[in-house]
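Asker: Input: one structure, supplied below.
The values are calculated or read from the model by the stated rules, or taken from the named source; none is laboratory data. What you see is a predicted model, and the numbers here were worked out from it, not measured in a lab. Note that each Cβ is placed from the backbone with ideal geometry, even for glycine, and that neighbours are counted across all protein chains shown.
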Amino acid sequence: MLVVGGGPVGLATAMELDHHGVASVVVEPREHVSYLRPRAKTTSARTMELFRRWGLADTVRQRAPLHVEWSKDIVFCMSVTGREVTRLTGTLGLALAGTDVAAEPGQQVAQPIVEQAMRDALGRPESHATLLLGRRAVAFDERGSTVVVTIEDADGTTSTVEADYVVGADGPRSAVRTAMGAVYEGSSLPRPNVSITFECAELGDLIPHGNAVQYWVLDAAAPGLVGRLDLDGTWWAIATVRPDEDEDDDHTGEVDATALVHRLLGRELPIKVIATDPWWARTLIADRFRRGRLFVAGDAAHQNPPWGGHGYNTGIGDAVNLGWKLAAVINGWAPEALLDSYEAERRPVAQRFVAAAAENGKSGPAVLSAAAGLTSGGTTEEAAAVIQAAKRTEFHSDGLVLGVGYTEYADVQTTNGSDYLPVAAPGNRLPHTWLPDGQSLFDRLGPELTIIGPAWHAAVFIRHAERHGIPLAVLDDPSLGLDAFFSGRLVLVRPDQHIAWIGRPVPDAEAERIVDEAIRGEWRHQP
């Protein structure tokens with residue numbers, strides 16, 4: 001297996017393959033992770049659950065400078081050091097710790113920290129992954145049952161690698177997507193933004209609002225966002241570049257970052273700009289996610305605006321969905337037809353998250369300020385009501401994040417993407433619960449397929465799996481109370497913790513069809 005791109009999605013693909021004992025090679029131009037540009041900062045509860053499967057969740061939390069309990073608030077204010085208008089609490093899945101809803105709460109942590117944690121995990125002696133750093137994949141030649149990939153070193157020297165399959169996690173300018181003949185569909189918003197990383201030792205002591213994950217600045221003259229990267233004086237900011245500051249889109253990085261930050265802060269504090277990163281809000285999805293033995297995932301397959309923090313998390317979901325399926329085919333217990341289900345399942349999910357992010361972006365800081373009446377003399381109370389209504393689904397999106405499903409049953413798990421209503425149905429993420437012994441239900445699942453329920457009712461599933469070499473774990477422990485939790489039904493769970501089938505005991509032939517459909521990526525709905 002060859003993975004092109006060693007960002008979070010490429011590394012996650014290698015992690016998932018490693019989880020199933022499959023060797024991979026990751027080709028990545030960057031020799032070292034750069035901490036100058038934090039990029040994604042929100043790791044969702046669902047992504048943390050997937051990290052937990054790999055034994056990575058605790059590592060990420062230990063390395064994150066901001067503990068999950070540090071703050072769960074989003075503050076809306078006229079400037080970072082100025083008047084507060086309102087706040088949202090319990091945001092971004094950070095309040096899910098200890099609830100039955102999820103095995104893990106969300107985590108605020110910069111993308112480079114997550115990348116380094118995965119690099120370290122894949123670099124362990126027992127890992128099945130090889131990281132080829134400082135190199136890039138430049139050409140792909142499908143030859144029957146393999147793909148010959150041309151690899152270029154930093155000095156221009158080329159070599160070739162032969163792989164069963166290639167996953168392109170190589171970002172917006174994906175060479176794999178180009179080789180597939182796939183193209184983006186969608187649009188880019190014309191007004192540029194700039195992300196700024198800066199240091200300001202004294203800012204924390206001057207903020208009157210207390211700790212917050214994000215400070216949304218609603219001053220019409222300086223709209224944007226500011227947040228901490230650590231507790232040692234390193235901060236991030238996002239500002240919308242005004243036309244007079246960016247007459248030439250090619251020079252967005254030359255804006256006066258110090259002046260932008262000073263306007264957001266509300267005073268001219270001594271700061272040191274570490275890095276700037278211009279970007280445009282793009283709502284783009286590739287017209288295909290697969291061609292033959294080539295696949296794309298993450299930004300190579302879809303680009304989300306950052307509003308709501310869904311882009312990188314959607315990419316991690318891609319990596320797990322595709323990774324377990326590739327592993328099942330390579331390990332010989334699933335037919336190659338299973339790989340067709342990757343695009344069928346993940347492209348609609350990407351569309352859902354891109355649409356949600358685009359909707360969130362309609363009420364960015366500048367628009368929100370005007371809508372709340374802050375530019376036309378409205379009261380703080382009136383402004384607060386408008387802001388609360390406009391931003392609730394962006395920052396309380398458990399229904400969207402945990403309610404991902406691959407059949408029509410997904411839609412019944414959420415109300416406007418905000419509230420999560422777990423439903424045990426085919427395609428949906430398995431509803432979570434904490435067990436009497438303190439373990440997560442997810443911790444008791446096998447690495448491949450799992451059937452939950454009394455072994456005597458599941459016997460035909462077990463016999464069929466054994467005859468055909470299909471790895472199937474059985475979770476049959478009356479002390480866990482799962483019969484009551486699932487209303488006495490059997491539950492067949494996929495490696496990605498989604499329900500393949502749920503229902504009452506069935507005749508032998510029916511049970512065999514259910515297992516065979518599951519390993520082809522098909523769904524069986526029992527009335």
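Asker: Might you let me know whether segment 182-201 holds any residue that is outside any helix (DSSP H, G or I), under 24 Å from the mean Cα position of the chain (by Cα) and under 20 Å from D18 (Cβ atoms)?
Answerer: Looking through segment 182-201, none of the residues is outside any helix (DSSP H, G or I), under 24 Å from the mean Cα position of the chain (by Cα) and under 20 Å from D18 (Cβ atoms).
Asker: Quick one: E466 ticks every box in (1) closer than 17 Å to L430 by Cα; (2) surrounded by fewer than 18 Cβ atoms within 10 Å (Cβ to Cβ) except a single one, so which number is it?
Answerer: (1)
Asker: Would you check which residues across segment 511-527 are over 28 Å from G317 (Cα atoms) and either polar (S, T, N, Q) or assigned to a loop (DSSP other than H, G, I, E, B) (or both) and list them?
Answerer: Matches in segment 511-527: P527 only.
Asker: When the residues of segment 230-273 are filtered to those that are modelled with pLDDT of 95 or more and among the hydroxyl-bearing types (S, T, Y), which remaining residue is surrounded by the most Cβ atoms within 10 Å (Cβ to Cβ)?
Answerer: T234
Asker: From the list E142, E126, which one is farther than 30 Å from V226 by Cβ, part of a loop (DSSP other than H, G, I, E, B) and assigned by TED's automatic domain parsing to the domain that holds M15?
Answerer: E126
Asker: If I filter segment 215-227 down to residues being touching a Pro at 6+ places or on another chain (Cβ under 8 Å) and either within 15 Å of T197 (Cα to Cα) or among the aromatic types (F, W, Y) (or both), which single residue comes out as surrounded by the fewest Cβ atoms within 10 Å (Cβ to Cβ)?
Answerer: If we take residues in segment 215-227 being touching a Pro at 6+ places or on another chain (Cβ under 8 Å) and either within 15 Å of T197 (Cα to Cα) or among the aromatic types (F, W, Y) (or both), then L225 is surrounded by the fewest Cβ atoms within 10 Å (Cβ to Cβ).
Asker: Only residues that are within 28 Å of R39 (Cβ to Cβ) and among the acidic types (D, E): list them for segment 116-154, please.
Answerer: Result: D120, E152, D153.
Asker: Filtering segment 419-458 down to residues that are in a loop (DSSP other than H, G, I, E, B) and over 23 Å from the mean Cα position of the chain (by Cα), which residue is nearest to D483 (Cα to Cα)?
Answerer: Across segment 419-458, the extreme among qualifying residues is G453.
Asker: Residues in segment 309-325: is at least one over 26 Å from I113 (Cα atoms) and assigned by TED's automatic domain parsing to the domain that holds R53?
Answerer: Yes, because at least one residue in segment 309-325 is over 26 Å from I113 (Cα atoms) and assigned by TED's automatic domain parsing to the domain that holds R53.
Asker: Okay, next question. What are the pairs with Cβ atoms under 8 angstrom where one residue, in segment 275-289, is more than 16 Å from G315 (Cβ to Cβ) and in contact (Cβ under 8 Å) with a residue 24 or more places away in the chain and the other, located anywhere, is of a type in the set (F, W, Y) and assigned to a strand (DSSP E or B)? Sequence gap at least six, or different chains.
Answerer: Final answer for the pair search is D287/Y184.
Asker: Just wondering, is there one or more residues in segment 383-390 that are outside any loop (DSSP other than H, G, I, E, B) and either among the aromatic types (F, W, Y) or touching a Pro at 6+ places or on another chain (Cβ under 6 Å) (or both)?
Answerer: Within segment 383-390, the first condition is being outside any loop (DSSP other than H, G, I, E, B), and the residues that meet it are 383-390.
Cutting the leftovers down to either among the aromatic types (F, W, Y) or touching a Pro at 6+ places or on another chain (Cβ under 6 Å) (or both) gives us none.
Looking through segment 383-390, none of the residues is outside any loop (DSSP other than H, G, I, E, B) and either among the aromatic types (F, W, Y) or touching a Pro at 6+ places or on another chain (Cβ under 6 Å) (or both).
Asker: Moving on. Quick one: how many residues across segment 126-152 are exposed (fewer than 14 other Cβ atoms within 10 Å of the Cβ), in contact (Cβ under 8 Å) with a residue 12 or more places away in the chain and over 15 Å from V4 (Cβ atoms)?
Answerer: Within segment 126-152, residues that are exposed (fewer than 14 other Cβ atoms within 10 Å of the Cβ), in contact (Cβ under 8 Å) with a residue 12 or more places away in the chain and over 15 Å from V4 (Cβ atoms) number 1.
Asker: Considering only segment 334-348, state which residues are surrounded by fewer than 19 Cβ atoms within 10 Å (Cβ to Cβ) and aliphatic (A, V, I, L, M).
Answerer: A337, A344
Asker: I've got another one for you. Please count how many residues of segment 176-201 are at pLDDT 95 or above and surrounded by 21 or more Cβ atoms within 10 Å (Cβ to Cβ).
Answerer: The qualifying residues number 8.
Asker: Mind telling me which of the residues N304, N313, N331 ends up being surrounded by fewer than 22 Cβ atoms within 10 Å (Cβ to Cβ), on the phi < 0 side of the Ramachandran plot and of a type outside the set (F, W, Y)?
Answerer: N331
Asker: Tell me which residues, restricted to segment 363-379, are touching a Ser or Thr at 6+ places or on another chain (Cβ under 8 Å) and not aliphatic (A, V, I, L, M).
Answerer: Those that are touching a Ser or Thr at 6+ places or on another chain (Cβ under 8 Å) and not aliphatic (A, V, I, L, M): G364, P365, S369, G373, T375.
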